[in-house]
Amino acid sequence: MADSATMQDTEFHKADSGASTTFPMQCSSLRKNGHVVLKGRPCKIVEMSTSKTGKHGHAKVHMVGIDIFNGKKYEDICPSTHNMDVPNVTRLDYQVDGYMSLLKDNGDQKEDLKLPTNDLGKEIQSKFEAGDSFMVSNTPFALCWECTTSGICKGQCIERRSLSGK
Amino acid sequence: MVSPEQRQHAEHIFLSFRKSKSPFAVCKHILETSKVDYVLFQAATAVMEAVVREWVLLEKSSIESLRTFLLTYVLQRPNLQKYVREQVLLAVAVIVKRGSLDKSINCKSIFQEVGQLITSGNPTIQTLACSILMALLGEFSSSSKTSSIGLSMEFHGSCKRVFQEEDLKQIFMLTVEVLQEFSRQDNLNAQMSSVFQKYLALANQVLSWNFLPPNHILSVPKHYMAMLESTQNVTLKPTESWREALLDTRVMDLFFTVRPTYLLAYLSVDLPTYTSPYIPTYLPSCLFTYLPTYLPTYQSLIEMEDSEAVGISNIISNMISMFPRSVLTALPSDLFTSFINCLTLLTCSFGRSAALEEVLDKDDMVYMEAYDRLLEAWLTLVQDDEHFPRGCFVQSAVQVFNGYIQCHLAAPDGTRNLSGNGVTSTEDEEIHEIQEDDRELFSDQLASIGTLGRVAADHCIPLLTSLLEDRVTRLHGQLQRTQQHLMAASDPATVDRKVLDDLYEDIHWLLLVSGCLLADDPQGETPLIPAEVMDFSISHSTEVDINTTLQIMGSPGEKASSIPGFDRTDTVVRLLSAVLRTSEVESRATRASLTTLLSPQMGKDIVWFLRRWAKTYLLVDEKLYQQVSIPLVTAFGADTEGAQWIVGYLLEKVISNLSVWSSEPELANDTVELLVTLVERRERANMVVQCENWWNLAKQFASRSPPLHLLSSSVQRNLMKALVLGGFAHMDADTKQQYWAEVLHPLQQRFLNLINQENFAQISQETAVRQEITATLEALCGIAEATQIDNVAALFSFLMEFLSSCIGLMEVYRNTPETINLIIEVFVEVAHKQICYLGEVKSMRLYEACLTLLQVYSKNNMGRRRGESTAEEDQYQDLLLIMELLTNLLSKEFIDFSDTDEVFRGQDQGTGTTTRPVSAADVVLYGVNIVLPLMSQDLLKFPSLCNQYYKLITFICEIFPEKIPQLPEELFKSLMFSLELGMTSMSSEVSQLCLEALSPLAEQCAKNQDKESPLFIATRHFLKLVFDMLVLQKHSMEMTVAAGEALYTLVCLHQVEYSELVEALLASQRDAVIYQRLADAFNKLSASSTPPTMDRKQKVAFLKSLEEFVSNVGGLLCVK
């Protein structure tokens, strides 16, 4: 990777691509670091614990999740036998090949993503201009929840996570 | 309002005032004129600090007049604030103590003065006298209560020794006199009674004195340490000179007439130290007579203070544990009986009060503590019962057992949750997962009750059986009624759970007690049926109809009493049958879709009981017992239909639970533990694999379909472990092959199919793919956990094929930390469980795999940014795992069972000779290269990371000292820095590890003889550190050994530097006497090994004389 970089893209399968955006899962089998829909938002689970009401009560699961797009925290508590919606999250890795013309692993081009207007965008640009070799890690460089459900990307949804030199 | 700045400024003024030179005149003036309490307090403090600071410069006469001034000052001002008065008296006490070093000052007069104060008869003055004595006790105890006066611990020690021989005894006598005076008076007014209380407290203080042994050579360092610790729960070990004072009958009488709590300290007298005919007759008989007659009346007449419950239980437990057994057995039989009766009454009463405390949810559970102490006492008694008349504890055991059961059953049979006025209180509180289960929370209590239940097996086993049978019948009925209620289309919310919950709670306790009565839970030993239970079964075996017994056991669907002849059955089997019936009622309720009505807690109790029972009773081995019960052996002995039936039943239960209760993690966990128990012993496993259900379970798990894949990861791991263990049961070759084809091959096949897909890298992050990968990795950990010596060959080969694929996954999932951690964990487990069995060639293969893993990890780790500084420990899980892996690899150097010929027969021939060998050292040092730069000081604040890190680097220094000098400069430096840091500023455990690492390093230097090498220079620095540590700082005994060994090897290496250190230390001594003592001590120490060489014999000699050295002069240099 001399003058290209890897980017990751968290993406929901659109309904028309064959897979649904969420699927149900028994609450007790959710895992920390996995995903779940809390209060209608796709979240990464950062905390999970169980409790019960009374010694002979049934387990309830307490979850804390971070919205994978806007970083907001959501919490929920639910009987462990219930089903929760799990978002179908896929992270794609892109080869960045020139100015925001992304090359997928399978060779397809993806050009519908604008360079973000935030600091991350500036950073990417300056790194490219300097010819730096770098890697963007753990970055949901992404179509956001709303974009996926509406089917149109407005390019506003790119979120910053971290950018590290290599 | 006072601003923080003003406050700081004021503090500063007081602090500098206290440091001012010769402030005596000013302080006197302040004390006499100021009206501000706080200023008075500060003036007293300033006087105290200045006297100590300027002691040598002061005229002895002026010190004495200062002391007189302070004492008179307090005497003339009875209305001083308490804290001011105490501070002034503290100054007096410090002067007295400091003065005891100077023979020129007569400090004995203080006792005469105090004596006069006491006889004054004026309560205010008597209180003051008491305060003076308290202050003196505190100062001379040389404990944490003692003020720092900048003198050596040896000074503190010898002061204490002199004090305890004379002055302390005098204080004791004075106190006793006062108390006698008070106890002769009938009506004490409030003021008098408060003085009385103060003197009782003083007596208590004296009797809790932590006596220093008179011989000051004996293990003194330990005592210097002990002096600095708090003086809680000290056993009174008075010196010989105290004998008469303590055993004076008047003293005894006194203590028996005042409140029993004050006996507490008195009774902890360590009798075995008195071998003369004085006490063993007098004291115990006095006590044993006293307690039974006194305690019951005490309880009914005077409201017992809660705090006294603990005191009384301590007295009794001390009487039972401290007196020699012969004291108890020599008691006249009526006295012994009344003592035992009294103990029984008290135990039952405390048990009831403890239950009440629980209902009221009190913070301070004094009765619970007292009850626990008494149960411990019972345990001591009944475990020694061969000394006592046969059966003498049975009645008591029945009562205590009944009492316990009663407190834990709901009304009307029991009193659970009944508060004092008979009102039931039940509240459903939120219980978090971290809260311990009752079986752990009350494990000691349950074990004691179980033991007492065995003592009275004739009563207790039938009692438990009938209670459990009754509750199960009621539960069954209640569930049926609820079902009908629900079928009448009612809202489930209208179901009243109160009756059900009461039954669940009853059954919960009955199961716990039954489990603890029937079996122990020994760690690592073969569990045996308790002798009492076996005897009980044998003694009734002639009246028992075995067929009916078996019929009841085999019909968990039926009520026991519905089977003809049910009253002529073995009760031990009946108790198990009652549990099986509970289990059956639960299972049938789940089949009737009533799961929501059931209690997961009861589900846990059932499988917990069955596991504990199965370990001990299932396939009972007749050879282990002198005599066996025919009913037990017929019901579940080896090669019996009964055993085969139970195995089948338990397996069915496990399978049902795993699907019904997948949403209850703890219950699923207990269930899978039962499964592991069933297969971990070969004999049981042989029966398990004959069940068709077992094969179904295996297939179902391998297909990764619901409901098993819903289970938590730890349950899945354990399930895999059980399935693998089962595979080593006895089967014919075809069956075995088929079994592995069902269990392991699908795992491999699914995994290979997935990762060999062309687009694996693209789909790798899809949820389903990640789940599959995670499940596979968890399963691999489970397989590794199933390793035993006789299956390691097969499992190692199987796992090795996965390890290289796992490394490929490291690349794919480099940005998914949780998956990376799981991959490393597989390596950790394989190394942990298997390395000790692997021969050379196999080890090499594992080393190579680990090395590749580390290389990939290192490459991917570069430039990786972790979370912010607020990061939590689990952010560094990967680092911890890598260190664990390296430590596990190194552990082979300590524990190695490998016998290539035996374990890997015929597998190793002709392989492995051509490849370049990778050694453990290569892998570990490569790993250290990665880990060391990442281990910042911040990370060492996480205890788990810190401990693992130091364990690792100590191992390396011990095993590969020759590799240390070859490390790159930066790495070497940070390793040395880590050692220094660990020695000086970490926990004592870490410090000890680091000290242990030093010897091998010094030995390495000695071999090399390169005086310029960085390691040589580093060891010189360590010499000074260890020297200072041993000579100048407080340290524990364990540390002396570790530090001593390190010191010796370092001294061998740097003899000149060592002499310089000694010279420098001596040169800094101004006192000629101390100089001489130190110089002599050092000479003696060096003489033990001249010249010091790395020779075991000399080293031992050095360590021995080092111990003497520390005892001799260690206290001189350690200052408080």
Open item on the list: Cβ contacts < 6 Å: first residue over 14 Å from B:K1099 (Cβ atoms), restricted to the stretch B:994-1009; second residue part of a helix (DSSP H, G or I) and of a type in the set (F, W, Y), any location; separation 6+ or different chain. Result?
Closed with: B:C1005/B:F1016
Task: Counted residues, the stretch B:50-96 - those being closer than 26 Å to B:L151 by Cβ and outside any helix (DSSP H, G or I) - done: 3
Task: Residue under evaluation B:Q765, criteria (1) surrounded by 13 or more Cβ atoms within 10 Å (Cβ to Cβ); (2) part of a helix (DSSP H, G or I); (3) within 13 Å of chain A (Cβ to nearest Cβ), criterion not met - done: (2)
Open item on the list: For B:I132, only one of the following conditions fails: (1) touching a residue at least 24 places away in the same chain (Cβ under 8 Å); (2) assigned to a helix (DSSP H, G or I); (3) surrounded by fewer than 19 Cβ atoms within 10 Å (Cβ to Cβ). What is its number?
Closed with: (3)
TODO: Can you run down the residue pairs with Cβ atoms below 7 Å, 6 or more apart or on separate chains, where the first is in the stretch B:879-897 and more than 13 Å from B:L952 (Cβ to Cβ) and the partner is polar (S, T, N, Q) and crowded, with 21+ Cβ neighbours inside 10 Å?
DONE: B:K892/B:S843
Open item on the list: So, in the stretch B:596-635, how many residues would count as being assigned to a helix (DSSP H, G or I), within 14 Å of another protein chain (Cβ to nearest Cβ) and not hydrophobic (A, V, I, L, M, F, W, C)?
Closed with: 6
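So, in the stretch A:55-68, how many residues would count as being facing chain B (nearest Cβ under 10 Å) and either outside any strand (DSSP E or B) or modelled with pLDDT under 90 (or both)? Full working, then the answer.
Kept after step one, since they are facing chain B (nearest Cβ under 10 Å), are these residues of the stretch A:55-68: A:55-62.
Filter once more, keeping what is either outside any strand (DSSP E or B) or modelled with pLDDT under 90 (or both): A:55-58.
The qualifying residues number 4.
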Open item on the list: It is to be established whether one or more residues within the stretch B:732-744 are in contact with a Leu (Cβ under 9 Å, 6 or more places away or on another chain), in contact (Cβ under 8 Å) with a residue 60 or more places away in the chain and crowded, with 20+ Cβ neighbours inside 10 Å.
Closed with: no
TODO: Return the only residue of B:S466, B:S425, B:S443 being at pLDDT 90 or above, more than 28 Å from B:S562 (Cα to Cα) and of a type outside the set (A, V, I, L, M, F, W, C).
DONE: B:S443
Task: Tally, over the stretch B:768-789, of residues that are within 14 Å of chain A (Cβ to nearest Cβ), among the hydrophobic types (A, V, I, L, M, F, W, C) and over 22 Å from A:P87 (Cβ atoms) - done: 1
Task: Which numbered condition B:L597 fails, given (1) at pLDDT below 95; (2) touching a Leu at 6+ places or on another chain (Cβ under 8 Å); (3) closer than 27 Å to B:N547 by Cβ - done: (3)
Task: Total residues in the stretch B:563-588, condition more than 27 Å from B:G453 (Cβ to Cβ) and either at pLDDT below 95 or assigned to a loop (DSSP other than H, G, I, E, B) (or both) - done: 1
- [ ] Look through the stretch B:849-873, keep the residues that are within 13 Å of chain A (Cβ to nearest Cβ) and surrounded by 15 or more Cβ atoms within 10 Å (Cβ to Cβ), and return whichever of them is modelled with the lowest pLDDT.
- [x] B:R864
TODO: Report, by residue number, each residue of the stretch A:12-41 that is outside any loop (DSSP other than H, G, I, E, B), modelled with pLDDT under 50 and touching a helix residue (DSSP H, G or I) at 6+ places or on another chain (Cβ under 9 Å).
DONE: A:F12, A:A15
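Evaluate the stretch B:790-805: report whether one residue or more is within 11 Å of chain A (Cβ to nearest Cβ) and either surrounded by fewer than 16 Cβ atoms within 10 Å (Cβ to Cβ) or within 22 Å of B:N860 (Cα to Cα) (or both).
If we filter the stretch B:790-805 for residues that are within 11 Å of chain A (Cβ to nearest Cβ), which is where we start, we get none.
Looking for residues that are within 11 Å of chain A (Cβ to nearest Cβ) and either surrounded by fewer than 16 Cβ atoms within 10 Å (Cβ to Cβ) or within 22 Å of B:N860 (Cα to Cα) (or both), one finds none in the stretch B:790-805, hence no.
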Task: Inter-residue pairs, beta-carbon under 9 Å, first at pLDDT 80 or above and in the stretch B:92-116, second surrounded by fewer than 15 Cβ atoms within 10 Å (Cβ to Cβ) and not in a loop (DSSP other than H, G, I, E, B), 6+ apart - done: B:G99/B:K60
Open item on the list: Looking for something under 31 Å from the mean Cα position of the chain (by Cα), modelled with pLDDT under 80 and in a helix (DSSP H, G or I) - is there at least one such residue anywhere in the stretch B:192-204?
Closed with: yes
Task: Residue pairs meeting the criteria (Cβ under 6 Å; at least 6 apart or on separate chains; first facing chain B (nearest Cβ under 10 Å) and closer than 30 Å to B:V499 by Cα, in the stretch A:27-54; second modelled with pLDDT of 90 or more and not in a strand (DSSP E or B)) - done: A:C27/A:S80; A:C27/A:H82; A:S28/A:S80; A:S28/B:S663
Task: Residues being within 14 Å of chain A (Cβ to nearest Cβ), more than 25 Å from B:V495 (Cβ to Cβ) and of a type in the set (S, T, N, Q) - total across the stretch B:426-484 - done: 1
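Being outside any helix (DSSP H, G or I) and crowded, with 17+ Cβ neighbours inside 10 Å is the filter here, so list the residues in the stretch B:152-184 that pass it. Spell out the reasoning first.
Kept after step one, since they are outside any helix (DSSP H, G or I), are these residues of the stretch B:152-184: B:152, B:166.
The one that is outside any helix (DSSP H, G or I) and crowded, with 17+ Cβ neighbours inside 10 Å: B:S152.
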Task: Flag for B:E664 being closer than 30 Å to B:T634 by Cβ and either within 14 Å of another protein chain (Cβ to nearest Cβ) or surrounded by fewer than 17 Cβ atoms within 10 Å (Cβ to Cβ) (or both) - done: no
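Considering only the stretch B:471-525, state which residues are among the β-branched types (V, I, T) and part of a helix (DSSP H, G or I).
Initial filter on the stretch B:471-525 (among the β-branched types (V, I, T)): B:472-473, B:482, B:494-495, B:499, B:507, B:513.
Residues satisfying the conditions are B:V472, B:T473, B:T482, B:T494, B:V499, B:I507, B:V513.
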Task: Residue in the stretch B:520-542 that is surrounded by fewer than 17 Cβ atoms within 10 Å (Cβ to Cβ), within 14 Å of chain A (Cβ to nearest Cβ) and at pLDDT below 95 present - done: no
TODO: Return the residue satisfying two criteria in turn: it lies in the stretch B:354-393 and is more than 21 Å from B:F339 (Cα to Cα) and of a type in the set (G, A, S), and of such residues it is surrounded by the most Cβ atoms within 10 Å (Cβ to Cβ).
DONE: B:A355
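The values are calculated or read from the model by the stated rules, or taken from the named source; none is laboratory data. What you see is a predicted model, and the numbers here were worked out from it, not measured in a lab. Positions of Cβ are backbone-derived with ideal geometry, glycine not excepted, and every protein chain shown enters the neighbour counts.
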